[in-house]
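What follows is a set of notes on a single structure, which appears directly below.
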Amino acid sequence: MNAIERLAEKFKAFPGIGPRQAKRFVYFLLAKNSSFLDEFAELLREVKDAVARCQSCCRFFVRTSPEGSRCPTCADLERNTSTLMVVEKEVDFETIERSGAYRGRYFILGGTLPPLEKEPDRRIRARELEALVKARAKEGSLKEIIFALSATVEGDHTRRFLESRLRPLTEPAGVALSTLGRGLSTGLELEYSDAETLKNALANRK
Ligand SMILES: [Zn+2]
């Protein structure tokens with residue numbers, strides 16, 4: 001493989017990018033001047049060094065100090081610690097934060113489970129979620145876990161899978177499990193929901 005093909009392969013690995021788009025990205029970069037390319041390469045390295053994964057919610061965040069292991073949202077003492085919202089991905093977190101509908105804590109699952117997945121723990125952060133719920137239930141501050149997953153077959157399947165995994169931890173601790181109400185249209189990914197829909201879905205959770 002030559003350098004063009006190798007770079008295209010890298011872009012092809014991005015979510016939602018096919019071979020034609022990958023090639024388009026490569027030719028776009030080739031048409032740019034070298035200062036653009038230098039800055040691009042530098043940023044890739046910088047983002048890797050400056051960004052860490054939050055030990056609590058598993059979200060990527062820009063570190064403000066070398067020892068910070070929790071993101072600003074998890075470190076924010078003003079936030080409600082009694083609810084934990086489970087979302088699929090970073091952009092869902094951003095959508096909900098932007099809506100202003102929710103002031104509790106989050107957990108980023110990292111994806112959803114297809115119904116016949118043989119190795120669920122490799123697809124989503126179920127073990128990390130269990131560990132967090134265990135720790136939070138022990139502290140006694142956690143009262144409710146809200147599943148805010150997409151209203152799709154995979155989203156529903158993932159929620160049921162997590163409910164059965166978490167129940168042995170939440171039931172004895174008196175932690176409720178709830179799901180966003182179906183103000184969210186069926187088949188819709190959470191990231192495309194508007195603020196009003198999210199507020200209603202949160203108010204109508206069950
Ligand atoms: Zn966090």
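Taken together, the values in this text are just the output of simple stated rules run on the coordinates, not laboratory data. This one's a predicted model, so the numbers in the text were calculated from it and none came from an experiment. All Cβ positions, glycine included, derive from the backbone under ideal geometry; neighbour counts span all protein chains shown.
Summary table
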| quantity | calculated |
| --- | --- |
| So Ile124, is it surrounded by 13 or more Cβ atoms within 10 Å (Cβ to Cβ), under 21 Å from Lys199 (Cβ atoms), of a type in the set (Val, Ile, Thr) and within 18 Å of the chain's Cα centre (by Cα) | no |
| Members of the range 35-91 found to be over 22 Å from the mean Cα position of the chain (by Cα) and hydrophobic (A, V, I, L, M, F, W, C), listed by number | Phe36, Leu37, Phe40, Ala41, Leu43 |
| Filtered residue count, the range 141-161, keeping only those that are among the polar types (S, T, N, Q) and either over 18 Å from Ile108 (Cβ atoms) or surrounded by fewer than 19 Cβ atoms within 10 Å (Cβ to Cβ) (or both) | 2 |
| Single match in Val91, Val175 (criterion: under 27 Å from Leu77 (Cβ atoms), crowded, with 19+ Cβ neighbours inside 10 Å and in contact with a helix residue (DSSP H, G or I) (Cβ under 8 Å, 6 or more places away or on another chain)) | Val175 |
| Some residue of the range 128-140 being buried (at least 17 other Cβ atoms within 10 Å of the Cβ) and basic (Lys, Arg) | yes |
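A quick yes/no check of all residues on (1) within 12 Å of the ligand (Cβ to nearest atom); (2) closer than 26 Å to Glu139 by Cα:
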{"residue": "Val47", "(1), (2)": "no, no"}
{"residue": "Ala50", "(1), (2)": "no, no"}
{"residue": "Cys57", "(1), (2)": "yes, yes"}
{"residue": "Phe93", "(1), (2)": "yes, yes"}
{"residue": "Tyr102", "(1), (2)": "no, yes"}
{"residue": "Leu109", "(1), (2)": "no, yes"}
{"residue": "Pro114", "(1), (2)": "no, no"}
{"residue": "Pro120", "(1), (2)": "no, no"}
{"residue": "Ile124", "(1), (2)": "no, yes"}
